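What follows is a short report on a single structure.
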Ligand code: SF4
């Protein structure tokens with residue numbers, strides 16, 4: 001498995017794509033800012049969302065029981081799955097016992113996390129993604145590069161070529177409207193033919209047993225209402241206590257995700273429609289472990305809105321496929337280590353620590369702080385790598401001894417002034433690949449500070465307690 005840095009370097013080789021990816025996501029971020037600014041009390045909304053999540057997840061067993069009771073009372077069947085394997089087996093069993101061999105599916109990051117599609121197809125079930133972006137990457141045999149815009153890395157010309165191969169559209173066709181029409185005609189056949197539909201869940205309301213699904217394309221509404229069998233899958237963290245909590249979350253979600261005041265469809269499903277079976281599969285898959293962690297439990301508050309991805313300078317410039325975990329970007333960097341610290345040890349380093357992710361997160365997760373804490377965990381677990389560990393140990397030894405630090409600084413200034421550039425800017429110094437060192441100053445900050453103090457003391461001698469004229473100007477030079 002290649003590191004994030006190595007894969008990002010490859011992504012950046014296509015400078016045009018990298019620039020366009022960056023600009024496309026920044027456009028969404030700016031839309032989000034405009035919409036957020038237009039809501040009075042936006043920050044209070046974020047605080048409230050954080051408080052609701054904290055309360056709901058601190059009382060999760062009680063709210064899950066209440067949800068199950070209410071959903072069952074309205075005709076749904078609730079299943080629990082401890083992990084991805086149990087989730088996949090549960091879905092397969094529901095499908096096969098009803099003889100359903102075709103599943104129309106709306107977007108769900110949980111199913112990506114569990115590897116559901118591959119599992120079902122290996123067991124003879126045809127799976128059709130009906131979200132346009134998801135269908136594009138399903139045809140392309142890829143995974144989503146973004147949790148909300150799964151095909152954001154694809155240009156329209158590439159989509160045209162994919163559709164030519166899979167849907168028989170004209171060669172060279174890249175008009176988005178024509179391509180969308182072709183996808184619509186193709187998906188309509190699948191919607192009508194599928195005996196079963198599977199959807200994700202954005203919110204599950206404990207007091208009513210309702211599930212709420214927020215989408216823009218309307219595909220989820222067809223998936224959930226046309227077939228006689230609807231399977232809804234959700235992580236345990238999707239529980240909210242009351243219907244009124246949705247007033248907070250739906251206002252935050254669409255604005256944060258895509259810069260819309262509200263998603264085109266916000267569907268509340270309270271039990272199955274007449275003649276339909278509704279199964280709700282509630283999945284843990286490591287979430288309880290996150291919630292048990294004193295340092296990291298807030299990562300479980302995530303709504304999967306994608307705002308932290310859109311704003312992250314590293315994500316925008318490296319693309320979602322460079323992260324080895326199914327959820328990329330800032331939230332992925334703090335979720336992946338929960339699954340396997342050794343395997344995902346480079347994820348917490350895919351960050352500039354600028355804090356922009358935490359600033360936009362609608363549920364106020366302290367993402368950048370958690371990234372730093374994960375870096376500590378990587379170091380303490382000994383996963384940093386021999387070279388980096390040795391360099392950091394040496395740096396710690398020097399920087400924690402004042403005289404040694406001053407002597408090293410003096411030597412460094414002299415050496416770097418004389419040394420040829422290739423000695424410090426070469427293939428081994430990753431930092432120097434795209435940066436140059438500034439010109440070495442004549443004196444250290446410490447020496448300059450002392451010199452100015454001395455000059456000021458000399459200038460002010462004989463002034464007693466009177467005003468120290470000119471000192472402010474001198475300091476500001
Ligand atoms: S961490 Fe926050 S900003 Fe990022 S996807 Fe989750 S809810 Fe959205």
> Which residue, of 321, 279, 338, is assigned to a helix (DSSP H, G or I) and in contact with a helix residue (DSSP H, G or I) (Cβ under 6 Å, 6 or more places away or on another chain)?
Replying inline: 338
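Out of curiosity, is residue 361 within 16 Å of the ligand (Cβ to nearest atom), surrounded by fewer than 15 Cβ atoms within 10 Å (Cβ to Cβ) and under 30 Å from residue 250 (Cβ atoms)?
no
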> Which of (1) within 27 Å of the chain's Cα centre (by Cα); (2) crowded, with 16+ Cβ neighbours inside 10 Å; (3) away from the ligand (no atom under 16 Å from the Cβ); (4) part of a helix (DSSP H, G or I) does residue 157 not meet, given it meets every other one?
Replying inline: (2)
>> Between a residue in the stretch 243-272 that is touching a residue at least 60 places away in the same chain (Cβ under 8 Å) and any residue that is more than 16 Å from the ligand (Cβ to nearest atom) and part of a helix (DSSP H, G or I), which pairs come within a Cβ distance under 8 Å, given they are 6 or more apart or on different chains?
In response: 259/34; 271/71
>> If I filter the stretch 116-149 down to residues being within 18 Å of the chain's Cα centre (by Cα) and surrounded by fewer than 17 Cβ atoms within 10 Å (Cβ to Cβ), which single residue comes out as nearest to residue 221 (Cα to Cα)?
In response: 143
>> What pairs come out if I take residues in the stretch 361-373 that are more than 11 Å from residue 295 (Cα to Cα) and in contact (Cβ under 8 Å) with a residue 24 or more places away in the chain and pair them with residues that are within 6 Å of the ligand (Cβ to nearest atom) and in a loop (DSSP other than H, G, I, E, B) whose C-beta lies under 8 Å away, six or more apart or interchain?
In response: 362/303; 362/305; 363/302; 363/303; 365/302; 367/361
> modelled with pLDDT of 95 or more and at positive phi - does that describe any residue in the stretch 108-120?
Replying inline: yes
>> Among the numbered criteria (1) in contact with a strand residue (DSSP E or B) (Cβ under 9 Å, 6 or more places away or on another chain); (2) within 16 Å of the ligand (Cβ to nearest atom); (3) part of a loop (DSSP other than H, G, I, E, B), which one does residue 305 miss?
In response: (1)
> Within the stretch 303-317, which residues are surrounded by fewer than 23 Cβ atoms within 10 Å (Cβ to Cβ) and touching a helix residue (DSSP H, G or I) at 6+ places or on another chain (Cβ under 7 Å)?
Replying inline: 304, 316, 317
>> in contact with a helix residue (DSSP H, G or I) (Cβ under 8 Å, 6 or more places away or on another chain) and within 17 Å of residue 313 (Cα to Cα): is that true of residue 5 in this structure?
In response: yes
> Could you say which residue among 294, 300 is under 26 Å from residue 64 (Cα atoms) and away from the ligand (no atom under 11 Å from the Cβ)?
Replying inline: 294
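The values are calculated or read from the model by the stated rules, or taken from the named source; none is laboratory data. In this text, all values refer to a predicted model and were calculated from it rather than measured experimentally. FYI the Cβ positions are ideal-geometry reconstructions off the backbone, even for glycines, and counts take in every protein chain you see.
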